[in-house]
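Report on the structure given below.
Values quoted throughout were computed directly from the atomic coordinates according to the rules given, and no laboratory measurement underlies them. Quantities reported herein were computed from a predicted structural model and do not represent experimental measurements. Cβ coordinates were reconstructed from backbone atoms using ideal geometry, including for glycine residues, and neighbour counts include every protein chain displayed.
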Amino acid sequence: MGCMPRDGVSKYVDKRNWPEYNERLVKRGELYLTLDFLDNWDHSVKQLNEGKRGRPYEFPWEFIEFLGYIHLLLMPYRQIEGFLRKLSEFIPEIKVADYTTIWWRISRLELPSLSPVLESSDEPIVVAVDSSGVKVTNRGEWLRKKWNDKEYKGWIKIHIAIDVETGETVGIEVSEEYVTDESVIPSLIHQVESRGRKIERMLGDGAYYTNSVYNILEEKDIDAGIRIRKDASTRAKGSPYRAKCVREFKRVGYENWRVSRGYGKRWIAEAIFSSEKRIFGEYVKAKRKDLMFKEVKMKFALLNLLANMK
């Protein structure tokens, strides 16, 4: 494809291998209907029931994870039961679970690792952080405006850290809508470091231009790629590191600062949010708050799986 202007300054040249990219998108459909869990069904169920008291499990966790992705992508729980009935006619090895069992097991599903690729290396990474709201229902915002009542939940907030080289989500927090962006930075950093990786630089927009963010970046020896405000003060005022970054920014100018920090790659975080909402929709299906948070994290885990398909 041709060049297109970005930021009104530079031009972006699309060097993507389109045949390869198209094939990756086509292969994503294989993930939606992978039946690998059939190979170890009996063994997995036997392991689940070892030492278990009460009613034994009938379905392996791999099967439940498959149904969880079907739920996120395609249909509600009752329709999944009908889907399994029909699928079992073609594949007799698949046992049919009723929708109550499906919901119960998915609500207790252990979330898959966000980024297995992250754990396969020990090289420092550059992350982009961002946040976005997602509706908890299709009607919540309308009810809040109509009745001016904050009890009508309209949004939850997603905070993510993205590896700018791989496009993987390497850290995620889901919160109430009033939680500030800066307050979740320690958790996002910890999620990356707990997998044995060092963050070399963090890129973020002006919402992260706070003393608390700069102080934790200095403590963790992370280079700050935070958008600096035009009226930024060069006085410390609680964060010497922030003041140092402001002085450098004013000395070299925005364009040189942007290039040296690789700030243009921050858009990758916005692109991930766009992909998530395009694939899964702009609201969550769960009604309970803890399950809403879990549903969102499952969506981003699935996005990582899709990104890593070859």
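What to note about this one:
- For the chain: relative contact order, % (alpha-carbon pairs under 8 angstrom, 6 or more apart): 17
- Size of electric dipole in the chain: Cβ of Lys, Arg +1 and of Asp, Glu -1, about Cα centre, debye, nearest 20: 1240
- Each Lys or Arg adds one and each Asp or Glu subtracts one; over the other residues with Cβ under 10 Å from the Cβ of Y99, this totals -1.
- Exposure proxy order (Cβ contacts within 10 Å, fewest to most) of L72, L48, L203: L48, L72, L203
- Under conditions of 4 °C and 1.567 mPa s, the chain yields 59 µm² s⁻¹ as its translational diffusion coefficient, taking Rh as the Kirkwood radius over Cα pairs in the Stokes-Einstein equation.
- The angle separating the long axis of helix 18-32 from the principal Cα axis of greatest extent in the chain is about 40 degrees.
- Beta bridges assigned by DSSP with both partners in the range 118-307 are antiparallel in approximately 65 percent of cases.
- Stokes-Einstein D for the range 145-272, Kirkwood Rh over Cα pairs, 25 °C, 0.890 mPa s (µm²/s): 154
- Sites excluded, GluC sites (Glu not before Pro) in DSSP loops with at most 16 other C-beta within 10 Å, longest stretch of the chain: 178-281
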